[in-house]
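The values are calculated or read from the model by the stated rules, or taken from the named source; none is laboratory data. These figures come from a predicted structure and were not determined experimentally. Using ideal geometry, Cβ is built from the backbone for each residue, glycine included, and neighbour counts are taken over all protein chains shown.
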Amino acid sequence: MPNLRAAAAAISLSDDNLEALGHGEPLFPDGHEGQFRVSAVLIEADETVGLVSCDALTLPAALVARVGERFAAETHLPRSHLLFAASHTHHGPSTLDVLGLRSVPEFLRRLEQAAYLALQDAWQQLRDPDAAPNRYQAELLFAQGQEATVGRNSRLLLQDGQIGWYGYEEADVVRPTGPYDPDLLVLTLRAMDGRTIATVFNHSVHNIGVLQPGRQSPGFYALAAQELERRHGGVCLFLPGASGSTHNCTYEGSGLSGQELVNRMVAAVEEALGRAEPALIGPVAAIQRPFTYRVRAFDEAAEAAAVGRYFARYATSDAATQEAIFAAERAALAPHQGEERQTVLQVIRLGQVALVGIPGEMFARLALAIRRASPLRHTFVVGLANDVFGYIPDAEGYQLGGYQAWVHRHCPAETGTGEAMVVQALSMLDEVADFPPILDPPVLRELRADDALALQAFYNRTSTDVRWLFCPLGWNASLDACQAICDLVGAGNRYDVVLDNGREIVGWAFVNALETRRAYLGIGITDRYCSQGLGKPLMQAVMDKCRELGQEAVELIVIQDNPRAQRLYERFGFVRTGEFVANSGQVFYRMVAEL
């Protein structure tokens, strides 16, 4: 595929009867606002991948499978190349049976048909024989923004030691029990004539918020997407992030209107769009893997007591009814304790950007663990993807308890499941990150005697984040220090290699103490070239030199908070031998590779 091509489509689910679906009388008596839709974009490059956003609470795996299999039968596009996500609106017909909710078959039927039609529409656009030859050629642009005002970690420690859900007052709150992720992913596909084909944004707060109370609504995120379409054209898709522990706590009870939520999201996306840069540096690829977990075992009396204690203090309606709902949930789950089940994880790489499809409502701490350790620098979690899994707490979340971690069918998995998802997701990210960089590959060469100024420029231009991880010359390097290193070239007690893109040094690795039998290694790469697989050739060069010189072992130290580098070192045979705490308070690991 010589050029990237893209097409998008949106199918409306709304009509005058939508708010009455599945109910004897309207659940939302004041009608509906905005449109419930399914939106899809297909991206053709090295591989063809599709992103599908559905204005629904959740997407059952069987529905997703039927759409994927039907579309694959007609197009031969592998099911693994399609990511389906629910917007998670709480203001529409239910799509699952849990916590007193009942799924609405007619709405599910409409969702399934609309998902297929949106994909088919985009596919037919790309194959339209009457379209102008270059109509669907596009560039993929990316920016990372932030919107930190519409949500917060909603797992709040209350003064009585419980974890807040609803019914408490702000005066009851001690503190949040974990982080949340305010980062905003924005992707846009722009045609050669300047048209916007599609815009995709990803953010991690529960999609709760309407313009007018009592109305059925796709929620503030979907309403923001529809406003962005009106302003910029094309089709706009919202992909939910890891919202399991993050809710829109500024909406209800604060006086902040649903329209203001829409305005803030639109402004944040538009700010990012103004900075968007080309993202197709590297391949387009997709993989999907089964993930196996077990249904949790539980103590019925302990669980009933935890639920009862909360509603005895904070119930806003009949506490007995609420307790009965959770008792029914436990009764439904009890026969399945210890049962092995399967869902799916998915990774899609779009050049410099990776999307990790997680089938439920993951807690922010787990999603941040994926993002921070990913071999691809710009990695984002897409929640509620491809299946209805439920809440995915971290181990501390289970220990603290609270609604999201109580035993019910929307939190079915045993403790440790979320951490296991992180491990598997990182392995999948490693798999797609093994592709070599496509554009502007730097050349590996030995450091020269006249490289002092270039070495100083490389070192001092690295970001604060990089220098926390790699600072063999201290926080800032003087020209004299860099010249001293260059003067030692050929002296025999050190070996230095650099990555040179023809304009500047972008990577540096060295081994010194070569006069001993145990060399010491250091490696660093400038920000722009991180996560492109360039650490491997640097490591290979210095390790090969140590073997050539007959070294017995190579030593290094690595900061505890850099798991990406640790995995690279492990690939070259390094193992942890100890740890220490630096004056900065940071924990470092000692690692050694025996040669």
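Just a few scattered comments:
- Pick from the stretch 565-595, criterion aliphatic (A, V, I, L, M) and under 27 Å from the mean Cα position of the chain (by Cα), ranking: farthest from A553 (Cα to Cα): V587
- Given (1) in contact (Cβ under 8 Å) with a residue 12 or more places away in the chain; (2) loosely packed, with under 12 Cβ neighbours inside 10 Å, index of the condition F572 fails: (2)
- Any hit, the stretch 486-505, residues being part of a strand (DSSP E or B), crowded, with 16+ Cβ neighbours inside 10 Å, of a type in the set (A, V, I, L, M) and modelled with pLDDT under 90: no
- Within the stretch 242-262, residues that are among the polar types (S, T, N, Q) sit with their Cβ atoms under 8 Å from residues that are modelled with pLDDT under 80 and in a loop (DSSP other than H, G, I, E, B), at 6+ positions apart or across chains, in these pairs: T250/L256.
- Residues of the stretch 107-130 that turn out to be closer than 13 Å to L63 by Cα and either surrounded by 13 or more Cβ atoms within 10 Å (Cβ to Cβ) or among the β-branched types (V, I, T) (or both), as a count: 9
- Summed over the stretch 134-184, residues that are crowded, with 17+ Cβ neighbours inside 10 Å and either free of Cβ contacts under 8 Å to residues at least 24 places away in the same chain or over 28 Å from L4 (Cα atoms) (or both) total 21.
- Selection of first residues in the stretch 305-328 that are closer than 17 Å to L157 by Cα and of second residues that are among the acidic types (D, E) and surrounded by fewer than 19 Cβ atoms within 10 Å (Cβ to Cβ), restricted to Cβ pairs under 6 Å at least 6 apart or on distinct chains, gives the following pairs, ordered by first then second residue: V307/E323; F311/E323.
- The set of residues in the stretch 180-198 being at pLDDT below 95 and more than 29 Å from Q125 (Cα to Cα) consists of Y180 alone.
- Residue within the stretch 218-226 that is of a type in the set (F, W, Y), under 20 Å from T89 (Cα atoms) and surrounded by 15 or more Cβ atoms within 10 Å (Cβ to Cβ) present: yes
- Selection within the stretch 507-522 - surrounded by 22 or more Cβ atoms within 10 Å (Cβ to Cβ) and either farther than 20 Å from A449 by Cβ or over 34 Å from the mean Cα position of the chain (by Cα) (or both): V511, A519, L521
- The set of residues in the stretch 369-424 that are touching an Asp or Glu at 6+ places or on another chain (Cβ under 7 Å) and of a type in the set (S, T, Y) contains only Y391.
- Any hit, the stretch 488-496, residues being free of Cβ contacts under 8 Å to residues at least 60 places away in the same chain, in contact with a strand residue (DSSP E or B) (Cβ under 6 Å, 6 or more places away or on another chain) and of a type in the set (F, W, Y): yes
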